[in-house]
Amino acid sequence: MSKRLIGLLSTAILVFAACTSSATPSLAPSGAPTAAPTTAPSAAPTATPAPTTLVMGEWQPATQLNPFYTTSFGDVEAIQPVMRGFLTIDSKGDYVPDLATVVPSKANGGLVIDADGKGMTVNVILKPNLKWSDGQPLTGADFAYTVKWAQDPAQKGCTPCASGFTTIDANGKTINLIDNVTVSADGLSIAMHFNQLYASWLNFLTGPSTILPQHYMTNIAIADASTKSMPVSADAAKVPWSGPYMVTAAGPTEIDYKPNPYWAGGVTAPGAPKVDNLKFQFFTDKDGMIAAFKNGEIDLAFDMTQADAKNVSGTDASIGKAEVTPAWQYEHFDMNENSKNAPFLSDVNVRKAIYESVDKQSIIDAVFPGSGVTPACSAVPPGLWYQAPETCPTYNAADANTLLDTAGLTKGSDGNRTYKGKAIDLLLCTTAGNSTRLTELQKLQGYLQAVGIKSHVETADATSVVFASWADTASTPTKNCEMYRGNYDVVDYAYVLTGSPYSDYFATYDSSQWPDNAATGHNGGNDTRFKSADMDAALLALKTAVDQTDQKTAMVAVQNAYVAGLPEIPIYYRAETTGVGVHVGGWPGFNPSSIGPTWDVEDWFYQP
């Protein structure tokens with residue numbers, strides 16, 4: 001967005017309507033006859049409150065509003081105000097009802113295991129009077145339609161479709177995980193039957209990738225749904241939304257929202273959203289967003305790390321403040337085990353060598369000087385209930401050199417290594433506009449060069465390139481830094497976890513979930529192309545652990561397989577920095593999970 005329009009937005013926040021009242025008619029002297037009025041006197045009008053506006057900021061522009069076709073955190077932030085699921089996760093990390101009346105459990109009859117112990121039924125009761133933003137009823141029939149839609153073989157690039165709607169059997173074949181949906185006559189009760197035990201059933205009910213508007217989606221071919229159903233364009237204003245807000249305008253620099261007049265969901269008692277105008281403003285880089293926040297042009301600044309806290313903390317107290325909150329996130333280097341440019345990354349000993357060549361603490365000290373942040377080891381951030389102790393490789397350049405020599409990466413007289421006679425030059429990728437990650441990769445370059453591995457760094461747009469789905473990259477299948485196409489050697493980014501271990505680890509590490517796999521509709525999220533029999537077996541055991549106690553036990557094997565296979569290098573656990581303006585009321589603090597910070601926008605209000 002241009003600087004000029006940013007300025008206009010900042011003034012829009014503070015617009016107040018001028019109010020005047022009619023003059024009171026003068027009275028005739030006492031005892032004198034009064035003349036008949038020619039017109040009836042009007043009552044003094046009630047002053048109308050000025051419209052309120054809150055502006056959110058993000059340095060990664062949203063490119064997709066259909067939650068079934070994106071894994072980008074920036075997109076999720078923009079989707080949550082308009083699309084909701086049966087449940088959500090609050091700022092304490094607990095599952096809470098959203099469109100549903102209660103969180104299902106065995107105790108309340110929401111989870112019923114089949115008599116033979118092989119399958120299960122999940123029962124959901126919707127809140128009464130739910131409607132889409134166009135006034136059409138939102139019922140269990142929409143969910144029944146969504147199940148068939150998600151299970152359609154024509155689906156491409158739909159990651160959530162393979163996380164509850166369908167699954168992969170022991171032979172690598174895609175099968176429908178939900179085999180029956182029964183909806184009550186009034187549309188409020190939904191009984192969904194899973195043909196096998198499914199550990200992530202709670203997470204399946206959570207968030208926007210749960211239920212779609214049947215009356216709208218039936219008019220869009222599934223092959224076109226990723227680009228035409230809920231685009232970030234003027235057409236977004238035509239979409240029936242399920243959330244507290246609806247889109248009135250959308251483009252590459254801004255999304256504008258108005259309250260959904262039919263909203264009846266939410267964690268708190270149903271009520272109309274409290275802000276008249278909600279905006280999402282997008283910036284080309286993080287520095288531009290921070291500057292806008294410090295100037296009072298936006299009310300909330302999202303998606304920042306500890307490294308940004310010092311800059312944001314310089315905001316005048318009359319404008320806002322920086323909040324730093326631990327999150328279920330960790331920064332890491334992914335290594336592409338199916339790289340055409342670097343086929344040796346398929347060797348676990350090479351991955352271990354690269355792991356051991358990296359001084360994580362030195363990287364942390366460069367991006368968070370004096371912060372006290374320490375290196376990460378586990379793929380499970382602290383605070384998650386299923387974390388188990390682990391022992392990871394440590395910085396050891398001497399051992400790294402030995403492992404590389406043994407693996408056939410030969411060091412020449414110039415100190416650079418070759419593999420099978422070909423000079424090595426690794427492609428290191430990350431998201432554009434993020435100076436922290438650029439520093440991290442520059443440090444990695446130095447460590448790689450110290451053990452004879454030459455590399456170069458490229459950055460690309462987060463949502464349209466780095467995190468773009470298989471379907472969204474069909475026209476550019478060989479573009480550098482497209483993770484799902486495997487066009488990288490090492491990529492630096494962060495994982496944001498849900499709190500449901502099977503959801504977080506199956507799509508990311510199971511060998512059936514390579515995005516290249518046409519049998520899964522290219523919907524898998526295993527962008528490292530990690531392949532481990534131990535991991536596959538551990539995830540299979542985790543899948544049937546529907547109780548949290550069993551899941552915690554099963555996660556020990558998953559974490560052990562992760563450490564043994566080394567698909568990535570965890571660098572540090574992230575704390576999220578958020579710029580919170582003085583006009584933001586009802587802000588509960590940053591949500592640590594993947595549900596994002598906009599999970600409860602209906603409860604925010606403008607405070608003068």
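Between Gln136 and Asn176, the distance separating the two model label sites (each 7 Å from Cα on the Cα→Cβ line) works out to 2.1 nm.
The gain in end-to-end length when the Asp285 to Val267 segment is fully stretched comes to 3.2 nm, 0.36 nm per residue minus the alpha carbon separation.
Could you work out how far the C-alpha centroid of the stretch 423-457 sits from that of the stretch 139-176, in angstrom? Each part reduced to its Cα centre gives a spacing of 38 Å.
Estimated at 0.36 nm per residue, the fully extended path between Gln548 and Asp276 surpasses their Cα-Cα distance by 93.8 nm.
A Förster radius of 41 Å, combined with the Cβ-Cβ distance separating His456 from Ala237, puts the computed FRET efficiency at roughly 0.45. Starting from the Cα of Lys420, move 7 Å in the Cα-to-Cβ direction to define the label point; list residues of the stretch 343-365 whose amide nitrogen is under 13 Å from there. Within reach of a label on Lys420, which here means backbone N under 13 Å from a point 7 Å along Cα→Cβ, the stretch 343-365 contributes 343-347. When only Cα pairs under 8 Å and 6 or more residues apart are kept, what is the percent relative contact order across the chain? Here the relative contact order equals 20 percent.
Based on the Cβ-Cβ distance from Leu540 to Gln442, what FRET efficiency comes out when R0 is 51 Å, to the nearest 0.05? Rounded to the nearest 0.05, the efficiency is 0.80.
Computed from the Cα positions only, the extents of the stretch 443-589 along the three principal axes stand at 49, 44, 38 Å, in decreasing order.
Taking only the Cα atoms of the stretch 327-574, the ratio Rg/Rh comes out at 0.95, with Rh defined as the Kirkwood radius. Counting only Cα atoms, the stretch 217-275 measures 39, 28, 16 Å along its principal axes, largest extent leading. For Ala397 and Thr410, the difference between the fully extended length at 0.36 nm per residue and the C-alpha to C-alpha distance is 3.1 nm. Estimated from the Cβ-Cβ distance and a Förster radius of 35 angstrom, the FRET efficiency linking Thr227 and Asp169 is about 0.70. With the highest mean first, a sort of the peptides 104-113, 503-512 on other beta-carbon atoms found within 10 angstrom per residue produces 503-512, 104-113. For a modelled paramagnetic label at Val582, 7 Å from Cα along Cα-to-Cβ, the residues of the stretch 281-321 in reach, with backbone nitrogen under 12 Å, are 296, 316-321. In this rough spin-label picture, where each label sits 7 Å from Cα along the Cβ direction, the Ser105-His193 distance is 2.7 nm. Mean separation of Cα pairs under 8 Å and 6 or more residues apart, divided by the residue count, gives the stretch 475-559 a relative contact order of 22 percent.
Think of the chain as having a plus end and a minus end, set by charges on the Cβ of Lys, Arg, Asp and Glu; of Ser594, Thr305, Gly581, Gly581 sits farthest toward the positive end of this dipole. The distance linking the stretch 303-382 with the stretch 520-570 is 22 Å (Cα centroid to Cα centroid, whole angstrom).
Think of the chain as a dipole: +1 on every Lys or Arg Cβ, -1 on every Asp or Glu Cβ, centred on the Cα centre; then among Tyr257, Gln151, Asn560, Tyr257 lies furthest on the positive end. At each listed q (0.23, 0.28 Å⁻¹), what is the log10 of I(q)/I(0) that the Debye formula gives for the stretch 352-396 modelled as equal alpha-carbon point scatterers? Ignoring solvent entirely, the Cα scatterers give -0.91, -1.03. With the gyration tensor restricted to C-alpha atoms of the stretch 257-329, the semi-axes of the equivalent ellipsoid amount to 28, 16, 12 Å, longest first.
In this Cβ point-charge picture (+1 for Lys and Arg, -1 for Asp and Glu), the stretch 327-574 has a dipole of about 380 debye about its Cα centre. Backbone N atoms of the stretch 330-370 closer than 17 Å to the 7 Å Cα→Cβ label point of Ser435 belong to residues 364-370.
Treating only the Cα positions of the chain as identical point scatterers, give the base-10 log of I(q)/I(0) from the Debye formula at each q in 0.05, 0.08, 0.09 Å⁻¹. After summing over all Cα pairs, the log10 values are -0.24, -0.58, -0.72. Which entries in Lys360/Lys420; Lys228/Lys274; Lys131/Lys238; Lys310/Lys454; Lys360/Lys543; Lys148/Lys552 show an alpha-carbon gap greater than 22 Å? Distance filter (> 22 Å) returns Lys360/Lys420; Lys228/Lys274; Lys310/Lys454; Lys360/Lys543; Lys148/Lys552. Please grab the % of Cα pairs in the stretch 105-203 that end up more than 25 Å from each other. Percent of Cα pairs beyond 25 Å in the stretch 105-203: 23. Relative contact order of the stretch 327-574: 30 percent, from C-alpha pairs under 8 Å at least 6 residues apart in sequence.
Under the convention that each Lys and Arg Cβ holds +1 and each Asp and Glu Cβ holds -1, the size of the dipole of the chain around its Cα centre is about 500 debye.
Note on the stretch 119-172: Cα-Cα pairs beyond 12 Å make up 75% of the total pair count. Taking the charge dipole of the stretch 327-574 about its Cα centre, with +1 at Lys and Arg Cβ atoms and -1 at Asp and Glu Cβ atoms, the residue from Ala507, Gln551, Asn434 reaching farthest to the positive side is Asn434.
Only the coordinates and a few stated rules stand behind these numbers; no lab work does. If you're wondering where the values come from, they're calculated on a predicted model, not measured in any experiment. Glycine also receives a Cβ, built like all others from the backbone with ideal geometry; neighbour counts cover every protein chain displayed.
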